[in-house]
Number of protein chains: 2
Amino acid sequence: MIKVAIAEDHQSLVDGINLLLKYEDDISLIGTANDGEELLQLVSKKRPHIILMDIKMPKIDGITATKNILSQYPNTKVIAFSMFDQEEAVQQMVTAGAKGYLLKNSPLEEVLTAIREVHSGNTFFDKSIKPEYVTSSSGVSTKKSILSKSEREILTLIGQGRTTSEIAAIRFTAVSTVEKHRKNMIRKLGLSGKGELLRYALEKKYDF
Amino acid sequence: MIKVAIAEDHQSLVDGINLLLKYEDDISLIGTANDGEELLQLVSKKRPHIILMDIKMPKIDGITATKNILSQYPNTKVIAFSMFDQEEAVQQMVTAGAKGYLLKNSPLEEVLTAIREVHSGNTFFDKSIKPEYVTSSSGVSTKKSILSKSEREILTLIGQGRTTSEIAAIRFTAVSTVEKHRKNMIRKLGLSGKGELLRYALEKKYDF
DNA sequence: CATGACATACCCATTATTGGGTATTTTATT
DNA sequence: AATAAAATACCCAATAATGGGTATGTCATG
């Protein structure tokens, strides 16, 4: 019997998956959580074999939750369940230790296949996930992003609508430094001007 | 027998609802669509009584689709099914003619209640929808937003990361005009500076 | 038809941001 | 320890945006 837990903030979807799993007799849904915090408690109480993990969740996001859980219970298998197929999202979940990645656009039956595949030691990624996104061979961080740490940090703040001076204040650095990072990013990414950088930041942000 | 159609880009959720409706014998799911265009075709072929309508969908968003459908088939009843409980989203759907509004965070059983209530001529709004959001008494536009038409248009573009000069080009107006509208919005809304205006635009945007 | 709200467009001085540099210090990686 | 990469911070001239005006034509409503 495969013990499964679901972490997903949309209760309607949880209920749908519940209806699906109810009729499978090798799979038992041992609990559900609507946010990351609930999930951590659920896991330590019920020790599921498999966790279906949404990325965007209140309180603790799916990536952080995955890291936490796997550091305590390394045998747990996490399957990401997300609406985003962006490279960053896939990569970060895989780096965090996820063994599979499902998309909400795909048919629900895929959940069954994924649970069984992952439980038997394999991985399972939705067909529309480009294989090159899954670089990190389950655990070790491999691919370095084009952007540096500070640059990514600033990009995130840009995506939140912060101005250069606000960012400088938040990071306790000079305005000129933030400007420098902006300019470097614009060059690195082949963009032209703040408009494109902002749109890039907004796209990349698969808001947790 | 209540004929129901679903428009929702997350197939997994559609499948879940399907599992739920399968066992209700007064309700029959006559078709599903993953985007607004599919939905329009589906409606003209199958003439559902009730449509469960996601707001955020590819090609044609739920608000536009609702308006289109109701102008052709005024007896159709639309129930919004969204992850957003923001005032604007509710208001626009109600103005477009929706008879109910469900949230994806709520239990799936609510879908059954909503379908039956709306089919019998009532309205159905999720408990967490503040009643004051549902001003427009099903059809007539009541509440005037603080912002004018051009201002809302420009705010949307700002939320997409467009710069003032890009917006001027898109709207075929002078840069100074767009600047004027920006300044007026900043004043009207009691904001200070472009950063706050951008964040306001990003918040308001429950991205279709 | 007058009034008010809106959209359009400009003026001005000030500030923010760009795009091009250079330079110094920290932090990895060899 | 040597090198490379990243982060810090500044210079400059040019452009974009702000915050404060004024002005004109349109459109709707009373």
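Between the helical axis of B:36-46 and the longest alpha-carbon principal axis of chain B there is an angle of about 30 degrees.
Between 0 and 90 degrees, the angle of helix A:62-72 with respect to the longest Cα principal axis of chain A falls at about 60 degrees. Projecting the Cα positions of A:A7, B:V111, A:S28 onto the charge dipole of the protein assembly as shown (unit charges on Cβ atoms of Lys, Arg, Asp and Glu, taken about the Cα centre) puts A:A7 furthest along the positive direction.
Measure nothing fancy, just the Cα-based angle from helix B:149-159's long axis to the longest principal axis of chain B, in degrees from 0 to 90, nearest 10. Value to nearest ten degrees: 90.
Evaluated at q = 0.13, 0.19 Å⁻¹, the base-10 log of the normalised Debye intensity for segment B:149-204, with identical point scatterers placed on the Cα atoms, takes the values -0.25, -0.55.
A label point on A:E109, set 7 Å along the Cα-to-Cβ line, lies at 2.9 nm from each of its counterparts in the other copies, closest listed first. Estimated translational diffusion coefficient (Stokes-Einstein, Kirkwood radius over Cα pairs, 37 °C, 0.692 mPa s) of segment A:41-140: 246 µm² per second. Each Lys and Arg Cβ is given +1 and each Asp and Glu Cβ -1; about its Cα centre, segment A:2-133 then shows a dipole of about 460 debye.
Evaluated at q = 0.15, 0.18 Å⁻¹, the base-10 log of the normalised Debye intensity for chain A, with identical point scatterers placed on the Cα atoms, takes the values -0.93, -1.19. In the distance distribution for the protein assembly as shown, Cα-Cα pairs more than 31 Å apart total 47 percent.
Here B:N75 yields copy-to-copy label distances, from shortest upward, of 6.2 nm, the label point defined as 7 Å from Cα along Cα to C-beta. Shortest first, B:E132 label-point distances to identical copies amount to 5.2 nm, with the label point at 7 Å from Cα along Cα→Cβ. Distance between the C-alpha centers of segment B:1-18 and segment B:150-208? Whole Å please. Taking the Cα centre of segment B:150-208 as reference, the centre of segment B:1-18 is 36 Å away.
Residue by residue along B:3-14, Cβ atoms of other protein chains within 10 Å of the local Cβ number 4 on average. Helix content alone sets the calculated 222 nm mean residue ellipticity of the protein assembly as shown: runs of n ≥ 4 DSSP H residues at -39500 (n - 2.57) each, divided across all residues, give -14500 deg cm²/dmol.
Rule-based calculations on the coordinates, nothing more; no lab input. Fair warning: this is a prediction, and the values are worked out from it, not measured in the lab. Ideal geometry is used to build each Cβ from the backbone, glycine not excepted, and the neighbour counts take in all protein chains shown.
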